[in-house]
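The values are calculated or read from the model by the stated rules, or taken from the named source; none is laboratory data. Values in this document were obtained by computation on a predicted structure and should not be read as measured data. Neighbour counts run over all protein chains shown; Cβ positions are idealised from the backbone, glycine included. Please note that ligands, DNA and RNA were not included when accessible areas were found on the heavy atoms of the full protein model with its side chains. Shrake-Rupley method; radii C 1.70, N 1.55, O 1.52, S 1.80 Å.
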Amino acid sequence: KKAKEFQNRAKERNNKRMIKLRKIHCKLLEYLDDFKWKSIALDCTWHESCVTFSCPIVQDKLTRIIEAPSHSTEKHLKGIADEIRDFFGVIDNQHFFSYN
């Protein structure tokens, strides 16, 4: 019985964690709303207990938040959104994705 209770509590904690991660993802989508590289920057795969971003730079910037989503703040998320804009802005300014 105790093992089942432990599993239920662990599952509940994981569900809460994933809800927080999805809210964080939605906030980043909101902060990057007018950003043309948003879909590339925030492309991710949702797993049972975590999320993995396709872009290594974004994954690196969000690692601490992914590990502990309850410690994220709006100011921190806005800062990360600005860093993502800056990073992709440099690539865009160099016409890295231009095939002309």
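The mean sequence distance of close C-alpha pairs (under 8 Å, at least 6 residues apart), as a share of the length of the chain, puts its relative contact order at 26 percent. Local charge for Asn8 was computed over the other residues whose Cβ lies under 11 Å away, with Lys and Arg +1 and Asp and Glu -1, and equals +4.
In the chain, what percent of the accessible surface is made up of carbon and sulfur (1.4 Å probe, ligands and nucleic acids excluded)? All intermediate terms of the calculation are to be shown ahead of the outcome.
Values: 3850 of 7320 Å².
The C+S portion of the solvent-accessible surface of the chain is 53 percent.
Put simply, the amide H of Ser49, placed in the peptide plane, has no neighbours under 5 Å, leaving out anything fewer than 5 places away on its chain. Spread over its residues, the convex hull of the C-alpha atoms of the chain is 92 Å³ per residue.
Applied to the stretch 25-42, the Karplus parametrisation 6.51 cos²θ - 1.76 cosθ + 1.60 on θ = phi - 60° returns per-residue 3J(HN,Hα) values of 4, 4, 4, 5, 4, 5, 5, 9, 3, 8, 8, 5, 9, 3, 5, 6, 5, 9 Hz, with x for Gly and Pro.
Length available on full extension from Cys26 to Thr63: 0.36 nm per residue minus the Cα-Cα distance, which gives 11.7 nm. With the simple spin-label model, which puts each label point 7 Å out from Cα in the Cβ direction, the Cys50 to Lys78 separation comes to 2.9 nm.
In this structure the amide hydrogen of Cys44, modeled in the peptide plane, comes within under 5 Å of the amide hydrogens of Ser54, none closer than 5 places in sequence on its chain. Between Ile40 and Glu12, the simple label model (points 7 Å from Cα in the Cβ direction) yields a spacing of 4.4 nm.
Solvent exposure of the chain, expressed per residue, is 73 Å² of accessible area, with all protein chains present and a 1.4 angstrom probe. Shown in residue order for the stretch 44-61 are the 3J(HN,Hα) couplings computed by the Karplus curve 6.51 cos²θ - 1.76 cosθ + 1.60 at θ = phi - 60°: 8, 10, 8, 10, 4, 10, 6, 10, 10, 8, 5, 7, x, 5, 5, 4, 5, 5 Hz (x for Gly and Pro). Taking a sphere under 12 Å around the Cβ of Val51 and counting the other residues whose Cβ falls inside, with K and R at +1 and D and E at -1, yields a net charge of +1.
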